[in-house]
1. Could you grab me the full set of residues in region 138-193 that are in contact with a strand residue (DSSP E or B) (Cβ under 9 Å, 6 or more places away or on another chain), in contact (Cβ under 8 Å) with a residue 60 or more places away in the chain and part of a helix (DSSP H, G or I)?
2. Return the residue satisfying two criteria in turn: it lies in region 145-181 and is of a type in the set (D, E, K, R) and closer than 18 Å to Val275 by Cβ, and of such residues it is surrounded by the most Cβ atoms within 10 Å (Cβ to Cβ).
3. Which residue, of Ile118, Ile189, Ile103, is modelled with pLDDT of 95 or more and outside the structural domain of Asp83 (by TED's automatic domain parsing)?
4. Considering region 273-285 alone, what residues qualify as being surrounded by fewer than 24 Cβ atoms within 10 Å (Cβ to Cβ) and touching a strand residue (DSSP E or B) at 6+ places or on another chain (Cβ under 8 Å)?
5. Could you say whether any residue in region 95-106 is in contact (Cβ under 8 Å) with a residue 60 or more places away in the chain and in a helix (DSSP H, G or I)?
6. Against the condition assigned by TED's automatic domain parsing to the domain that holds Gly311 and closer than 22 Å to Ala160 by Cβ, how does Leu248 come out, does it pass?
7. Which numbered condition in (1) aliphatic (A, V, I, L, M); (2) surrounded by fewer than 23 Cβ atoms within 10 Å (Cβ to Cβ); (3) within 26 Å of Ser315 (Cβ to Cβ) is the only one that Ala61 fails?
8. Could you say whether any residue in region 301-313 is farther than 25 Å from Val164 by Cα, in a strand (DSSP E or B), of a type in the set (D, E, K, R) and at pLDDT 95 or above?
Amino acid sequence: MLRGHQSWLFERQPMILSTAAIGGPMEAKGPLADDFDLLHADIRMEQKSWEQAERTLLDEACQKAIEKAGLTKDAVSFLIAGDLMNQIISSSFAARTLAMPYIGIFGACSTSMEGLAIASLLVNTGSARYALAATVSHNAAVEKHYRYPTEYGAQKPPTAQWTVTAGAAALVAPNDGKGEHPVVTRATIGRVVDMGLTDPFNMGAAMAPAALDTLISHFRDFDLPYDYYDLVLTGDLGRVGSRILRDLMVEHGVKIPQDAYRDAGVLIYGDLPEVLAGGSGCGCSASVAYGHVQRRLRDGELRRVLVVATGALLSPISYQQKETIPCIAHAVAMEWPSAACQAGGSAP
């Protein structure tokens, strides 16, 4: 199970039975719009507050994933969820509605892969029959919480990113041996990396070193060649952070093929000018991984994917007290069964 210092090999290869991604009006403008299950035209979603709208996104994503699997919520052993609000209230209040056994987590924007790694671990060890990993972010709620309210109209620098309005969920189940669903084969749990940056409007630069650290650890722990994955997808680095990561990979000899590396924060909005450096937020890497990437795996366009979700572990309090920004990245490998490694975690 444990590989190297900080990685897990899932010998039973739990499968991703279903996924769901629910977005908002800005996500409908992006090039990945067709990969969402539902897109809301109203960012408030007929709720009284932004926070209630965020909770709605998460509840809808969880319900849709369960529905697509042909199950009821009573079949789910555990819900593993987190978000960016104080005390992860969106996840906890959604769990109240869903009435599932609940494990609340916080990894900032890395929460999606942290949750998927834990869900896969529970299923792989027989500690859960079905485990639902989910997360959410809402542009207006998060901007109000971490930066300035939307109504304030504060100008942002070009390095700033646009918080994605999206909820996404993945339902993990024991492998039935039929080979009809993507499987989770490996996970690497990241370490906190802090390079001393303090600018909350340049999250990409702060998080890039954490992504590099997790990438190096993943390929080292599993003794995999750098060209093993068809796609290595980082989350939320945006245009600035992904360029920095490419430079860091060259500097440290991480020879992932150039055309195999992409960033969810760049993909989700394409060339939309209003998003500045790209997308961010818990819903960014989650919706791209559980919508766009899952679709490409099921269509046979991809066979082996490594998703490295990054998170900045700051808070409004730490920023106001002039603290630097600690960051983390968690990696999870998703593969089509016929392409997955079988022994030792190494490539065949």
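1. Asn139, Ala140, Ala141, Val142, Tyr146
2. Here is the first cut: in region 145-181, the ones of a type in the set (D, E, K, R) are 147, 151, 156, 176, 178, 180.
Add one more test, that the residue is closer than 18 Å to Val275 by Cβ, and what stays is 147, 156.
On the way: Arg147: 17, Lys156: 14.
Result: Arg147.
3. Values: Ile118 fails: outside the structural domain of Asp83 (by TED's automatic domain parsing); Ile103 fails: outside the structural domain of Asp83 (by TED's automatic domain parsing).
The match here is Ile189.
4. The answer is Glu274, Leu276.
5. Initial filter on region 95-106 (in contact (Cβ under 8 Å) with a residue 60 or more places away in the chain): none.
No, there is no match, as no residue in region 95-106 is in contact (Cβ under 8 Å) with a residue 60 or more places away in the chain and in a helix (DSSP H, G or I).
6. Considered against the rule, which asks whether it is assigned by TED's automatic domain parsing to the domain that holds Gly311 and closer than 22 Å to Ala160 by Cβ, Leu248 comes out as yes.
7. With respect to (1) aliphatic (A, V, I, L, M); (2) surrounded by fewer than 23 Cβ atoms within 10 Å (Cβ to Cβ); (3) within 26 Å of Ser315 (Cβ to Cβ), Ala61 is out only on (2).
8. yes
The values are calculated or read from the model by the stated rules, or taken from the named source; none is laboratory data. As the structure is a computational prediction, the values presented were derived from the model and not from experiment. Glycine gets a Cβ as well: all are built from the backbone with ideal geometry, and neighbour counts include every protein chain shown.
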